[in-house]
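Below: one structure, written as structure tokens.
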Amino acid sequence: MKQYLSKETRYYNNFKEFLVDIANRYQNQTAITTYLKGTQIQEKSFAELKNDCFAFAKALFANGLSGKHIAIVSESCYEWLVAYLGIAISGGVAVCIDVEQYDDTIEKMIVQADAEAVICSAGLFSLCSSIQGRYDRMKEIVVIRPANHEAVSFEHFMEDANTNDAESKLEACVLDPKQTACIVYTSGTTSTAKPVMLSHSALLFNAADSLTILDSREKIFNSLPLYHTYGFTCGMLCGLIRGINICISCDLKRMMQEMTLFKPNLLVAVPLIIEVVYKLFWSLLEKADAKEKIQKQIKIESVLHKPYLLTTSSVKAAIKGSCLEQLDVVLSGGAYLDHNVAEGLLHLGVVVLQGYGVTECSPSITCNRNEDFSLDSVGIVLPGNQVKIVDDEILVKGYALMNGYYKAPELTEESFEDGWFKTGDLGYLDKKGHLHIIGRKKNLIVMKNGKKVAAEEMENKIRECPLVKEVMVYGALSGTSMDDVKIAASIFPDPLLTGQMSSYEVLEHLQKYIDQMNERLPIYKQIQMINIRETDFDRTTAKKIKRQII
């Protein structure tokens, strides 16, 4: 397996400084690749990226929108990135909107963030136009590749950059490192999404710190939406600082086609996508009549504790020409990744580097590194962060912390304790300094006898059952008192494995597995009730289960 050594990183105070430097250092090297329709490729160099961002910023000055809050309501694309960076270097605040939300939620976010203009995709122009009719503050709507001539197009808006006073205004614009560059909403798995203010230096320093741990690569495929900090900081900024060509996935439905054309070395993804990649590996191996041979080799490797020792040539031959041909590292974050998937990919020649972060920390707090990774942990603490554990809760301090929640000073104050941000996640640090996540504090089940059970811990155990596709563990009331609870599990069986089974047979198999699992657990941790779901759980756009909905 090819090894890459970590290189020095670079720290920037603001996005203007960042863009100028990467353009000077990498010039005509390809920075961004996107596939617009089918195989239609769009490539932009580092110099072009800098010029486009500066042009967009000058257009904002020319239209009186510099320094304003501007919402980006679009799927990931090159123009999304240009708009974000252009807004930031003009002294404004990019309001990153999750376009997979309901229409009324999108409107609430735009209004709450005091956006005075919107950059949107053609498919969302109608929604944004209707919002403008109800929201007097919104002065302008700029549309990326509009379907008609009525809207102001992104390209037409950029033409306003040619005015002389816009050039001088941009040159004179001084950016404070701690100035808010964006407002990003949290995923809202257990509560209402919160508007997080992140500064220029917080985002850029966090990306730079990640590079002291992550390896160098030639090509990165970013499968994540840019409106999530994980997708923006880890999927974009890290690679751009290093001068790496990044492919922005514009459509999840076309992701495999995009990967086949791009052939990345590194994939940035959430567990749901990583599981799809893992299944694709085995599908390709089966198609090449190599599945049984590799399964036998993996058994031998497991005994020897030397993954990818025997499977190398068989795997490479089976995946040749596919989207996985060059892939050897996956960066995983955003949710729990099944240990069996991470270990399975390792045997197939792909190292999965799991990290941990929260939006409020820009987002990375810890990450595994190629030369020192653990499948059971989320890695070591990044250089710019400090972590301590108080009553099992993970607290963080460092220069990547948010400026606060927008227009919510009381909520901001509640989130800190003596300068330390309270993540709400439970975990511990081992002797090697690796962080292990136990679960979410809000998901902790408190029994009548005072014992506490982390829902995620039990979910991980239940997921080991082959028939289980997804599961959520929670405390169910078992009496008249609110503190009289029993541990329950809501299970969504794998349709591929249970399609030919009756509901009774599925329940019987799952109950047998739970009973056997309970025998190995203390009484207070035992699952006392299960219910079978016919459909998968509702999820956030970050693919996390919405826990308030059972």
*asked:* Output wanted: per-residue J couplings in Hz (rounded whole) for the range 375-388, from phi through Karplus 6.51 cos²θ - 1.76 cosθ + 1.60, θ = phi - 60°, x for Gly and Pro.
replied: 5, 9, 10, 9, x, 9, 5, 5, x, x, 10, 10, 10, 9
*residue 223's amide H: which non-local residues (gap 5+, or another chain) put their own amide H closer than 5 Å, with H modeled 1.01 Å from N in plane and none for Pro or chain starts?*
268
*asked:* How much of the DSSP bridge set in the chain is antiparallel, in percent, rounded to the nearest 5?
replied: 55 percent
*Can you run the Rg to Rh ratio on the range 57-137? Use alpha carbon positions and the Kirkwood inverse-distance Rh.*
0.94
*Would you kindly derive the ³J(HN,Hα) couplings of the range 232-249 from the backbone phi angles with the Karplus curve 6.51 cos²θ - 1.76 cosθ + 1.60 (θ = phi - 60°), listing them in order in whole Hz, with x for Gly and Pro?*
7, 6, 7, x, 10, 4, 4, x, 5, 4, 7, x, 9, 6, 10, 9, 8, 6
*asked:* I want to check the label-to-label distance for residue 309 and residue 399. Put each point 7 Å from Cα in the C-beta direction and report it in nm to one decimal.
replied: 4.5 nm
*Compute the length gained on full extension between residue 422 and residue 27: take 0.36 nm times their separation in residues and subtract their Cα-Cα distance, giving the result in nm to one decimal.*
138.1 nm
*Alpha carbon centroid spacing (whole Å) that separates the range 381-451 from the range 116-149*: 38 Å
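Counting Lys +1, Arg +1, Asp -1, Glu -1, what net charge surrounds residue 127 among other residues with beta carbon under 14 Å of its beta carbon? Mind showing how you got there, number by number?
Details: positive: 108, 134; negative: 75, 98, 100, 103, 104, 107.
Spelling it out: positives minus negatives among the neighbours equals -4.
Can you give the FRET efficiency to the nearest 0.05 for residue 436 and residue 171, using r as the Cβ-Cβ distance and R₀ = 35 Å?
On the way: r = 49 Å, r/R0 = 1.40.
For residue 436 and residue 171, the calculated efficiency is 0.10.
Over the Cα atoms of the range 100-167, compute the convex hull volume and normalise it per residue, giving Å³.
Working: hull volume 7.2 nm³, N = 68.
Enclosed volume per residue, from the Cα hull, is 106 Å³.
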*Given a Förster radius of 30 Å and the C-beta distance between residue 543 and residue 164 as r, what FRET efficiency does 1/(1 + (r/R0)^6) yield to the nearest 0.05?*
0.05
*Per-residue ³J(HN,Hα) for the range 280-296, Karplus 6.51 cos²θ - 1.76 cosθ + 1.60, θ = phi - 60°, Hz, x for Gly and Pro*: 5, 3, 5, 5, 5, 5, 5, 5, 8, 6, 10, 4, 5, 4, 6, 4, 5
*Once you put a point 7 Å from the Cα of residue 252 and another 7 Å from the Cα of residue 282, both along the Cβ direction, what distance in nm separates them?*
2.2 nm
*Be a star and scan the range 498-537 for residues whose amide nitrogen sits under 12 Å from the point 7 Å along the Cα-to-Cβ vector of residue 476.*
527-533
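For the range 381-419, which trypsin sites (Lys or Arg not before Pro) are in a loop by DSSP, counting at most 14 other Cβ atoms within 10 Å?
Details: sites: 388, 397, 407; in loops: 407.
Here the sparse-neighbourhood loop sites are 407.
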_Global form of the chain, assessed from the alpha-carbon gyration tensor, a/c cut-off 1.5_ = prolate
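What FRET efficiency comes out for the pair residue 178/residue 460, r = Cβ-Cβ distance, R0 = 51 Å, nearest 0.05? Write down the numbers at each step before the final one.
On the way: r = 39 Å, r/R0 = 0.76.
Given R0 = 51 Å and the Cβ-Cβ separation, E is 0.85.
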*Can you tell me the Rg and Dmax of the range 447-532, counting just the alpha carbons, in angstroms?*
13.4, 43
*Separation of the range 326-354 and the range 150-191 by C-alpha centroid, Å?*
36 Å
*Over 22 Å between C-alpha atoms is what I'm after, so list which of 442/543; 37/544; 397/452; 108/194 land there.*
37/544; 397/452
*Once amide H atoms are placed 1.01 Å from N in the peptide plane, what residues at a sequence separation of 5 or more from residue 245, or on another chain, have their amide H within under 5 Å of its amide H?*
220
*Using the Cα gyration tensor of the range 15-175, with a ≥ b ≥ c the square roots of its eigenvalues, what is the shape: rounded (a/c below 1.5), prolate (a/b larger than b/c) or oblate (neither)?*
oblate
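Laboratory data are not the source of any read-out in this text; all were calculated from the coordinates shown. These numbers come from a predicted model, not from an experiment. Every residue, glycine among them, receives a Cβ derived from its backbone with ideal geometry; neighbour counts consider all protein chains shown.
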